[in-house]
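Worksheet: one structure, shown below.
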2 protein chains.
Amino acid sequence: MNLTEHEKANKIKAAIHDIPDFPQPGILFRDITPVLADKELFHLAVSIFAERYQKQKIDKIVAVEARGFILGAALAYALNIGFIPVRKPGKLPRQTFQEAYNLEYGNNTLEIHADCFKPGQRVVIIDDVLATGGTAAATAQLVQRVGGEVIEMGFLLELQFLEGRNKLGTTPVFSAIKY
Amino acid sequence: MNLTEHEKANKIKAAIHDIPDFPQPGILFRDITPVLADKELFHLAVSIFAERYQKQKIDKIVAVEARGFILGAALAYALNIGFIPVRKPGKLPRQTFQEAYNLEYGNNTLEIHADCFKPGQRVVIIDDVLATGGTAAATAQLVQRVGGEVIEMGFLLELQFLEGRNKLGTTPVFSAIKY
């Protein structure tokens, strides 16, 4: 079964649950857990990224806790490369770099280990959803502070009406499914 | 390169960083991020579990946020099966089952989607570290409430002096590396 990227994306999109008013009134949450739970759809989701990056000599996958770890770690395994976690403060035990960023309500901080890869290494940042872009922009900053080259940021879903790409400057952005 | 499970475990153990007094004074933290970041060691770590479970007709991998997602999702991909997240309260958008359990200081609650797999399915629970066993025991309870059969709980590391196995009753427990 050799599906095109577009056919894979359509199969995955059909399984995503729309949950109104979660986590807050007025928010339509796109729930990808049915995709993760289905062996065919989970494999298709990872394969979209694996096929995209397998010939690009990527050194590391970077992903943000918690949901980003799921697609990110599976992709790192599929590409046979290393995985670097970006975490909330106080979770990574060695020296870290930090980036603070604004959320709709309040703010957030992310950390990366300062020695997690060698300067000049080629990095893809993976997350499940590109929404406002705040998390993604902070993660790209962290990778660059370690000295990594962000080859692309890859998302399973992009909520285009939130215009997250506008926060990401000239960093290439790929999303498999657009809303 | 066909290493035995024991040889793989020794290679992985040699890369684990020991971090004294993290996250609290008196705690010796075992930092597996150097294993995840190294393509060979990450692949070896996942392969220990993949080889162990590939002939056991496992239906789903269940793992707990956040670190458990890393090995758990990579293993689900390697076995070509589905992945089920167990999360902190308020993160899963559909109907959930909850389990509360005690930590050394205070307590914690975990959730699983009530409809995340079919009753009778064969589940392996994966986490990076077996410590006091509280998280693991709560996760096994959640899987059983959904109707799943816990075939085994698999950990990369086991801190044997904390006697976590004693909290896990008759559920089979495997750990690749013991301290």
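Each reported figure results from applying straightforward, stated rules to the coordinates on display, with no laboratory input. Since the model is a prediction, treat every value here as computed from it, not as a measurement. Don't worry about glycine lacking a Cβ; one is built from the backbone with ideal geometry, like all the others, and counts go over all protein chains shown.
Some observations on this one:
- Across identical copies of the chain, A:ASP18 has label-point separations of 5.6 nm, listed in ascending order, with the point defined 7 angstrom from Cα along Cα→Cβ.
- Within the protein assembly as shown, DSSP assigns beta bridges of which about 35% are antiparallel (rounded to the nearest 5).
- Residue among A:ILE125, A:ASN107, A:PRO93 farthest towards the positive dipole end of segment A:67-125, charges placed on Cβ: A:PRO93
- Amide H contacts for B:THR96 (H built 1.01 Å from N in the peptide plane; partners 5 or more residues away or on another chain; cut-off under 5 Å): B:ALA114.
- A Cβ-based charge dipole, computed about the Cα centre of segment A:56-178 with Lys and Arg at +1 and Asp and Glu at -1, lands at about 240 debye.
- Considering only B:GLY147, B:GLY26, B:PHE83, and ranking their Cα positions along the charge dipole of chain B that arises from unit charges at the beta-carbon of Lys, Arg, Asp and Glu, the one farthest toward the positive end is B:GLY147.
- Extension gain, B:ALA14 back to B:ALA114 (0.36 nm per residue minus Cα-Cα distance, nm): 32.0 nm
- Label 7 Å beyond Cα on the Cβ vector: B:LEU103 copy-to-copy distances, nm: 1.7
- Rg ratio (alpha-carbon, reference 2.2 N^0.38 Å) - chain A: 1.00
- Spatially, segment B:1-33 and segment B:46-104 are offset by 21 Å when compared through their Cα centroids.
- Averaged over the residues of A:76-87, the number of partner chain Cβ atoms lying within 10 Å of the residue Cβ comes to 6.
- Shielding by partners, peptide B:59-70 (average Cβ within 10 angstrom, other chains): 5
- Shape call, the protein assembly as shown: gyration tensor on alpha carbons, a/c limit 1.5: rounded
- Cross-linked pairs A:LYS13/B:LYS55; A:LYS91/A:LYS167; B:LYS88/B:LYS167; B:LYS60/B:LYS91; A:LYS88/B:LYS91; A:LYS39/B:LYS91: Cα-Cα separations exceed 24 Å for A:LYS13/B:LYS55; A:LYS91/A:LYS167.
- Taking amide H as placed 1.01 Å from N in the peptide plane, A:VAL173 has its amide H under 5 Å from the amide H of A:MET153, each at least 5 places away in sequence or on another chain.
- Shown for A:GLU5: label points 7 Å from Cα along the beta-carbon vector, and their distances to the equivalent points in the other copies, 4.0 nm in ascending order.
- Cα-centre dipole for the protein assembly as shown with unit charges at Cβ (Lys and Arg positive, Asp and Glu negative), debye to 20: 400
- Taken one residue at a time, the phi angles of segment B:129-144 give Karplus couplings (6.51, -1.76, 1.60, θ = phi - 60°) of 10, 9, 10, 6, x, x, 5, 5, 5, 5, 5, 4, 4, 4, 4, 5 Hz. Gly and Pro are set to x.
- Straight-line cross-link reach from B:LYS11 at under 18 Å between alpha-carbon atoms covers these aspartates and glutamates, not counting any fewer than eight positions away in the same chain: B:ASP31, B:ASP38, B:GLU40, B:GLU51, B:ASP128, B:GLU158.
- Shielding by partners - mean other protein chain Cβ count within 10 Å, residues of A:91-99: 3
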